[in-house]
């Protein structure tokens, strides 16, 4: 029995209610980085917490969790495996490292995407995915799921979505609307907003929230893989990871109901196509090799990941789309567009 399976069995026997299991965690012990599989016990929230709300060192679980307060009102969830987590490399699935997570004051869980390099694009695919080239990226935090209607309404005071539901992703939001949300979320947490409200230029040195660059989005979606999808090459498996044309019944669905990618990110394929910060270009010619940010000017912004209305082909890790930044204000078609936020990673 895997360590996380034993933890689930022990949690159930102890009267707790595990909701998500096998959460990857990266920690440092004595200066040495260790990777563990940590079972998260969270029936109704984003924190590692049992039903009664305590933060246990439970003898039946061999696992404890606690809040650690950090600057800028940031709450980091630290989970330490004592008996059951099985620290080491043998239980780590897939080719990618397992990032740590944090939950900021606005209670939107984020995943630490480690610095690294990957091949962006696909020379065997559409023309705008070429030429494929190696790109290096700095570490950053990314929302584990698409921004929900509940989160958007709490900050912006409105919910423009066609498909109502607090846990469904917010849609009918233009690129301009996502920028406003990012700045508002930054201000709510006492961070420096990334976007100039007049010019819409992004300050990548700010510590607030912004949209991912296109390179960051694809890097996070691939999560260390080099296949058509983050789960492999077989499109027949897409329904396990995504809401798309073949299973969505012409609507969005609550976030984080499908399986995550190897780095713990949900709905990177399907549900809603996600706005990126970059202007769209028809090829990758001229793309920088280190933390590229796309063209300096343009008329359309990039969308990634495919939506509930997309074919499996349009949900591939490297598939691209684009739309005018204000398109969502014209009242048709934009119920396929959503977004998630990123923040600068540690050490920058």
Revision key, fill the gap. Filter region 97-107 for residues that are in contact with a helix residue (DSSP H, G or I) (Cβ under 9 Å, 6 or more places away or on another chain) and surrounded by fewer than 20 Cβ atoms within 10 Å (Cβ to Cβ); the one that is modelled with the highest pLDDT is 107
Study note, to complete from the structure: Note: among 209, 229, just one is in the same structural domain as residue 253 (by TED's automatic domain parsing), touching a strand residue (DSSP E or B) at 6+ places or on another chain (Cβ under 8 Å) and buried (at least 23 other Cβ atoms within 10 Å of the Cβ), namely 209
Practice item. Could you please find all residues in region 132-159 being assigned to a loop (DSSP other than H, G, I, E, B) and within 16 Å of residue 261 (Cβ to Cβ)? Key: 144, 145, 146
Exercise for review: Just need a number here: residues in region 306-318 that are crowded, with 24+ Cβ neighbours inside 10 Å, part of a helix (DSSP H, G or I) and out of contact with any strand residue (DSSP E or B) (no Cβ under 8 Å at 6 or more places or on another chain).
Suggested key: 0
Review point. Residue 303 versus (1) closer than 19 Å to residue 343 by Cα; (2) out of contact with any helix residue (DSSP H, G or I) (no Cβ under 8 Å at 6 or more places or on another chain); (3) part of a loop (DSSP other than H, G, I, E, B): which is the lone unmet condition?
Key: (3)
Review point. What residue, of 250, 245, 198, is assigned to a loop (DSSP other than H, G, I, E, B) and without any contact (Cβ under 8 Å) to a residue 24 or more places away in the chain?
Key: 198
**Study point:** Unmet criterion (only one of (1) modelled with pLDDT under 95; (2) loosely packed, with under 15 Cβ neighbours inside 10 Å; (3) at negative phi) for residue 257
**Key:** (1)
Exercise for review: Check region 263-279 and report whether any residue there is surrounded by fewer than 16 Cβ atoms within 10 Å (Cβ to Cβ) and either closer than 28 Å to residue 164 by Cα or over 15 Å from the mean Cα position of the chain (by Cα) (or both).
Suggested key: no
Practice item. Evaluate region 334-342: report whether one residue or more is touching a residue at least 12 places away in the same chain (Cβ under 8 Å), touching a strand residue (DSSP E or B) at 6+ places or on another chain (Cβ under 9 Å) and surrounded by fewer than 23 Cβ atoms within 10 Å (Cβ to Cβ). Key: yes
Point to revise | Test for residue 119: is it in the same structural domain as residue 261 (by TED's automatic domain parsing), in a strand (DSSP E or B) and touching a helix residue (DSSP H, G or I) at 6+ places or on another chain (Cβ under 7 Å) | key: no
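The values are calculated or read from the model by the stated rules, or taken from the named source; none is laboratory data. Because the structure is a prediction, the values reported are computed rather than measured. Neighbour counts run over all protein chains shown; Cβ positions are idealised from the backbone, glycine included.
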